Structures are given as C-alpha cells and as structure tokens.
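Asks: One structure, as structure tokens, below. Some questions next.
The values are calculated or read from the model by the stated rules, or taken from the named source; none is laboratory data. Remember, predicted model here, so these are calculated numbers, not experimental data. FYI the Cβ positions are ideal-geometry reconstructions off the backbone, even for glycines, and counts take in every protein chain you see.
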Amino acid sequence: MNSIERVLAALTFGQSEHGIPDRVPVFPVPLMQGAIVHGMTVEQYFKSPPERLVQAQLKLNEMLGGVPDAVAGIPNVIQDVTAFGIDLAYHYQNSTPATSRMLIQGFDDIASMGRGSISGSKELEKTLEVIRQLSAKVGDSRIVIGACIAPFSMPSMLMGTSKWMRLLFTPELKRRWFAPIIEVCTDFCVEWARAQHRAGAHVVVLADGMASSTMLPRRCVEEWAIPVVRETIARIGGLVAYEPVGIAEPVIDLLADVGAVALLIGEEDDIARCKKKTAGRVGLIGNINNMKMRRWSPARVELKAKAALAQGMPGYGFILANQGPEIPFDTPVANIAALVEAVEKYGRYAPRAREKASVEREPVAA
C-alpha cells in the first residue's frame, strides 16, 4: 500500500476501494529543517531557488526512512501576504518570517486595499514551482501538501490581530467592513488554493488561527467563521484540510460539516472525544505538540505518539502528525524520527482485519 492509498483508506474510514489502511499515515511538517540539509540558515533556505527546496523535502523524507506519507510544497504560510504587496521580514536567523508592515493602518484603508495577486509575488510563484517539481518527482507515491491562510484569518495578517478583533466586536465597524474584507480575502484564498491544486498539490491546508476556541467563543465561531470556511472550501473544489490553529474540540462538531476532508487538531484536543463528536464525518490529523517537541527526548516523543495512536486508531480516520503550523527549527531530528517511527511500532492495523474487510467487499457470485 503506497502513501496515497494509505491516506485515502484512512480518511474514508476503510470504506474506499483501498479498504483498511495497513497502518496509520504520518505527516510530520519539517518545513524549516530543509536548511539543515543544505547547511544554511532558514532565511537563506527560504530564499533559495525552487530546486533546493524540493531537494531538501525529498532528502528529509529519506532521512526519516521514507516513512512519512507526505512532503510539503510550501515553505510557510506567512508568504501569502506578499500577494498584497507586503514584504517578508526575518527578525531571527532561524525562524519563520514575519510581515514587514501592516497593509491596513485604518479601517478606511479596506476600501482601497486591492485584490491579492499571485503573479505579483515572486514567493508565491516560486512555491507553485516547488509544488510542480515535487509532484513530478513523487508522483503517486507521496501526498504533496499545499497551504493557505484562511479568509477569516487573513485580515489579522493585514491589519493586526487586535484591530481585527476590534472590527469583529464593534457592531458599527463589523457592519461596514466585515463583508468587503472577507470578500477580498476569500477570493484570493480560493484562487491561491486552486493554483496549488493545479500545480500538483493533493491537498491544501487552510490555516485559520482566528477561528478556534482559543480566540473566539463558540457562538462567534458558528456565526462569523463557519459560513466563510464552508463557502471557501466549496469554491476551492479540491481536497482541503482545515486547521483552526488552536483549541478545536469545543467547536469540532461544527467544523466537521464545513466540507474539509480532515481537521487538524492540537494537543489540548482529546482525540477520542473529537472522534466521537465528528462521528466518522471527517478525518482527524494530530496532535503532538510541536513546541514541546523541541525539548522532549526521543523516548518521550515516542510515548506521546503511542498515546495519540491508541486514541486515534480505532475506527480509522486518523493521521498522526505534529500540530501546526510546523516543527520548530531547533527540534532535534531524532525527535522527528521518533514521531515517524511510532507508526511502525504502534500504528499498524491487524492483517486479519484487513483481510476480512477485503473479503466483505468482494461481490457475491450469483
């Protein structure tokens, strides 16, 4: 069973033509670790030509024994702001970039902010080339992952989180400016996700840091964010995984119906309870703490992964991964390897169950 067959089998809860997965798929997200492969800083790596990013992702997969079922076609999601004419700033040598400025200084700026342009961003054009090259090299052997900042969260990147929260919770401001900025951000997100799908990404992750229970009460998520997410995924048309980038469990039942093929959850989300609340409607991906992995030993990473597998394996529909958005640069590679190797040790499904399922799917002779 190759990676694509394994992932399809898992996310269809063993009901696709591929039947039951042989093991739980695993998706570590070592975006910055490509710098280690080439012996350079993260800033130098992210600014490298597409070929180097492709080489690094393939080499990292090889370094991890070829076990990971996915490779990342995107260096980071912060780059999405470059479509609006915002440059990236590197404040620390080996960290993800930040926005160099806020596009929207005052709410009136929303009226003249313009539309996001993929062709106007050398970073986004490069990412599409990385996806194309990865897709050509891995073919159907690995999942190629793309990503976008979700429309409900993009305004926080363009004006700052505090200003976006003020707009959301000030009735007059929300009436005047919510619809216009969400329209611009949704149109861009749909175009950007579709472009990644066309380039060869099998699935695009929507990162939505403003739409979790960490940021908003359930009522606000349901009324403000969910309609935007549902419309965006429907318009994208291809496979989308949705990441609230925060505590998801209190709203996981709402997220199960937005049209995503899978939901990314974090350490504070109980996997078993989330599976019960979603009731087979959507797969789950998670939930090893990406920040704590930096200081854990490989043995502790293995224990955490083993516990996650024990909760996620029953009934299928689970992919083991670190929680998003990525694994920090200073995380020991041995820790990432421990996460990956856990699926080989503890994440395999019993062969008898797979054989039984295969027999049950065979047509009965007349």
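Asks: May I ask you to say which residue of Asp69, Asp80 is of a type in the set (D, E, K, R) and either farther than 17 Å from Pro151 by Cβ or in contact with a Pro (Cβ under 8 Å, 6 or more places away or on another chain) (or both)?
Replies: On inspection, the qualifying residue turns out to be Asp69.
Asks: Taking only pairs six or more apart or across chains, which ones have beta-carbon atoms under 9 Å, a first residue in region 30-57 that is touching a residue at least 40 places away in the same chain (Cβ under 8 Å) and over 15 Å from Asn76 (Cβ atoms), and a second residue that is β-branched (Val, Ile, Thr) and not in a helix (DSSP H, G or I)?
Replies: Short answer, once both residue conditions are applied: Val54/Val71.
Asks: Moving on to the next point. Just give me the residues in region 308-335 being surrounded by fewer than 21 Cβ atoms within 10 Å (Cβ to Cβ) and touching a Lys or Arg at 6+ places or on another chain (Cβ under 7 Å), in sequence order.
Replies: Across region 308-335, the qualifying residues are Gly315, Pro328, Asp330.
Residue by residue, here is whether (1) part of a helix (DSSP H, G or I); (2) touching a residue at least 60 places away in the same chain (Cβ under 8 Å); (3) over 20 Å from Gly209 (Cα atoms) holds:
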residue: Val130; (1), (2), (3): yes, yes, yes
residue: Asp140; (1), (2), (3): no, yes, yes
residue: Cys148; (1), (2), (3): no, yes, no
residue: Leu173; (1), (2), (3): yes, yes, yes
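Asks: Ok, one more. On the basis of being in contact with a Gly (Cβ under 7 Å, 6 or more places away or on another chain) and not β-branched (Val, Ile, Thr), does Ala72 make the cut?
Replies: For Ala72, the condition - in contact with a Gly (Cβ under 7 Å, 6 or more places away or on another chain) and not β-branched (Val, Ile, Thr) - is not met.
Asks: Considering only residues that are surrounded by fewer than 22 Cβ atoms within 10 Å (Cβ to Cβ) and hydroxyl-bearing (Ser, Thr, Tyr), look in region 59-95 and name the one that is nearest to Val340 (Cα to Cα).
Replies: Ser95
Asks: Being free of Cβ contacts under 8 Å to residues at least 12 places away in the same chain, within 23 Å of Asp208 (Cα to Cα) and touching a strand residue (DSSP E or B) at 6+ places or on another chain (Cβ under 8 Å) is true for just one of Ala89, Ala98. Which residue is that?
Replies: Ala89
Asks: Let me ask you something else. If you check Ala338 against the conditions, is it surrounded by 15 or more Cβ atoms within 10 Å (Cβ to Cβ) and either at pLDDT 95 or above or in contact with a Ser or Thr (Cβ under 9 Å, 6 or more places away or on another chain) (or both)?
Replies: Answer is yes for this residue.
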